[in-house]
Amino acid sequence: MNPIIRNILAVIAGWFCGSIINMGLIQLGHVLFPIEGLDPENMESLAEIMPGLDFQYFIFPFLAHALGTLIGAFIAGIIAANHKMKFALAIGVLFLIGGIYMSYLISGPIWFSILDIALAYIPMAWLGGKIALGFSKK
């Protein structure tokens, strides 16, 4: 397969699979830690409630962001024809942009925004890229 097409597919597959993991964990979090009176599909009501929520309500969003990025970066790194780490990190940057945008839309506690932006995206993409590099050497 043409390396350019393979690299484009790596980004698309990494972003798509990471997004599925992300949304699945967010939905699981709503099931395991339901917030009374909240419609999780209504962004305005979520934005109103977020600042007053306890720590437990932020476990699954952080896991969703971190694991979605990790798995997406791993998949991009595995599929990419070359520059595997660059493509894994590109997934991290895409998810980071989304995370910053969501922090802007739904302003939660500042501690969560800092933790999420600092640890859930670029470090997880780097780790996913390292795993993919090790996996592809075998």
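The values are calculated or read from the model by the stated rules, or taken from the named source; none is laboratory data. Keep in mind it's a predicted model, so treat the numbers as computed, not measured. Here the Cβ positions follow ideal geometry from the backbone for every residue, glycine too, while neighbour counts run over all protein chains shown. The accessibility values were calculated without ligands, DNA or RNA, using every heavy atom of the protein model including side chains. Shrake-Rupley method; radii C 1.70, N 1.55, O 1.52, S 1.80 Å.
As an exercise: evaluate Tyr57 against (1) in contact (Cβ under 8 Å) with a residue 40 or more places away in the chain; (2) open to solvent by 30 Å² or more (accessible area, probe 1.4 Å) and give the number of the one condition it does not meet.
Exception for Tyr57: condition (1).
Taking the condition open to solvent by 60 Å² or more (accessible area, probe 1.4 Å), within 11 Å of the chain's Cα centre (by Cα) and not aromatic (Phe, Trp, Tyr), does Leu32 pass? Talk me through it step by step, then tell me what you get.
Values: open to solvent by 60 Å² or more (accessible area, probe 1.4 Å): yes; within 11 Å of the chain's Cα centre (by Cα): no; not aromatic (Phe, Trp, Tyr): yes.
No, not satisfied.
Quick check on my filter: what residues within the stretch 116-132 are surrounded by 15 or more Cβ atoms within 10 Å (Cβ to Cβ) and in a helix (DSSP H, G or I)?
Here is the first cut: in the stretch 116-132, the residues surrounded by 15 or more Cβ atoms within 10 Å (Cβ to Cβ) are 116-117, 120-122, 124-132.
Hits for the stretch 116-132 are Asp116, Ile117, Ile122, Met124, Ala125, Trp126, Leu127, Gly128, Gly129, Lys130, Ile131, Ala132.
Looking at (1) free of Cβ contacts under 8 Å to residues at least 24 places away in the same chain; (2) open to solvent by 30 Å² or more (accessible area, probe 1.4 Å); (3) assigned to a helix (DSSP H, G or I), find the lone condition where Leu96 falls short.
The failed condition is (1).
Among the residues of the stretch 63-85, is any without any contact (Cβ under 8 Å) to a residue 12 or more places away in the chain and open to solvent by less than 50 Å² (accessible area, probe 1.4 Å)?
Filtering the stretch 63-85 down to residues without any contact (Cβ under 8 Å) to a residue 12 or more places away in the chain leaves none.
Checked the stretch 63-85: no residue is without any contact (Cβ under 8 Å) to a residue 12 or more places away in the chain and open to solvent by less than 50 Å² (accessible area, probe 1.4 Å).
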